[in-house]
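Here the structure is laid out as structure tokens; the discussion comes afterwards.
The values are calculated or read from the model by the stated rules, or taken from the named source; none is laboratory data. All values derive from a computational prediction rather than experimental measurement. Backbone-built Cβ (ideal geometry, glycine too); neighbour counts: all protein chains shown. For accessibility, only protein heavy atoms count, side chains too; no ligands or nucleic acids. Shrake-Rupley method; radii C 1.70, N 1.55, O 1.52, S 1.80 Å.
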Amino acid sequence: MACLLAKIHRPEIDPRKPYTEIGGEDSFSGRTYDERYITPFINTYQLPLNPTTAFLTPAFRNLDKPLTTDLELVGRPRRTYKDTLQLLDDVYRGRVSAEDMLAEIIRILVVIREENRDRIRTLLAGLASTEDPLPLSSEDIVSLIEQHLKCKNSSRLPVLIIAAAYLSVSEKIGEYIQPLQKHNAADEQTGSFGDVEVCLANDDRVVTVYEMKMKQVTIDDIDRAREKVARARDKIHNYIFITTDVITDDVKSYAAKCYEETNGTEINTLDCIGFLRHFLHLFHRSRIQFLNHYQQLLLNEPDSAVNQPLKEAFLTLRRAAEIDKG
């Protein structure tokens, strides 16, 4: 899309040369077009694309040669990359205009977007039809979330679990979460301390930080957390790792020693499902608020963070749980 837009904007350029390092008057910066124009367009119209520039993906990163059809790009599925090179070549050779191709791409994306939305609306309607006076129990919800975590591409879900927990009891406990950062955004880029940051009511100072791990937490992870705590302007009271993996004894012991060494910051590691189970039983009367907040956060996530099948899977699992209860 960036190459086609550049060709429309500057007809003299070669759409196969989106790198200024190539040199010559017919090359251009595809990344500039991508970040400056394509990304805002994708976000504004909620098109089913990754909003991060394609020029940061391995296949297109750091190239200094034209994207010709004989170029071997490393990426999966391989056919997609070969087809992309062929389409750019078709525009270069005048077989199709950049305007027509860009319009067709946008048309297809809109069709996909509307199909996705229709499926979500259908699933939500199915949920509404199963509403019962007796809501799901805390254990029902734990089982539902546990099944959802086992789905593919679920690395964003622990963040949404913690966020939904705080959103559902924020007024009760006098704490609130900061807006969530984009999925896969580095803490160094965002200036954040972790994946979920918690502040006290009427105060913007971060007092609790959650960092999510879809693998074992290591002592190196704890050391990096200590570095973040040390450079924080205001005192962080708790730095908590949430993991979906085993928590080893050496990590527990090492974390326990950090309280005195950090002059009062507790660093700990908690099991994701264990945290959720305790939370739901502690705030039993807020369990459906938690589930609804989790669902809304899930559906609001861009497809690059939570893909369409993962969203549909949750709605399907929830409906099945509510039917089984009935």
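Comparing Cα centroids, the range 12-31 and the range 256-270 end up 52 angstrom apart.
Report summary: the helix-based calculation at 222 nm, which adds -39500 (n - 2.57) for every DSSP H run with n ≥ 4 and divides by the residues of the chain, gives -16000 deg cm²/dmol.
Protein heavy-atom accessible surface, 1.4 Å probe, per residue over the chain: 55 Å².
Sort 233-244, 109-120, 216-227 by packing, meaning the average of other beta carbons within 10 Å per residue, with the highest value first.
Going from most to least packed, we get 233-244, 216-227, 109-120.
For the chain, the longest principal axis of the C-alpha atoms and the axis of helix 219-231 are separated by about 90°. Length, then width, then depth: along the principal axes, the Cα atoms of the range 44-147 run 65, 28, 24 Å. Modelled spin-label separation between PHE41 and ASP223, with each label point placed 7 Å from Cα along the Cα-to-Cβ direction: 4.7 nm.
Using a probe radius of 1.4 angstrom, the carbon and sulfur fraction of the accessible surface of the range 253-326 is 50%.
Within the accessible surface of the range 45-184, defined with a 1.4 Å probe on protein heavy atoms only, the carbon and sulfur portion equals 52 percent. Using a simple spin-label model with pseudo-atoms 7 Å out from Cα toward Cβ, GLU171 and LEU282 lie 2.0 nm apart.
Size descriptors for the range 217-326: radius of gyration and Dmax over Cα atoms are 18.0, 53 Å. With a ≥ b ≥ c the root eigenvalues of the C-alpha gyration tensor of the range 1-90, is it rounded (a/c under 1.5), prolate (a/b larger than b/c) or oblate? The shape class here is oblate.
For the chain, the normalised intensity computed at q = 0.06, 0.12, 0.15, 0.16 Å⁻¹ comes to -0.29, -0.97, -1.20, -1.27 (log10 of I(q)/I(0), Debye sum over alpha carbons, equal scatterers, no solvent). To test your reading of the geometry: what angle, between 0 and 90 degrees and rounded to tens, separates the Cα axis of helix 272-282 from the longest principal axis of the chain? Roughly 50 degrees, rounded to the nearest 10.
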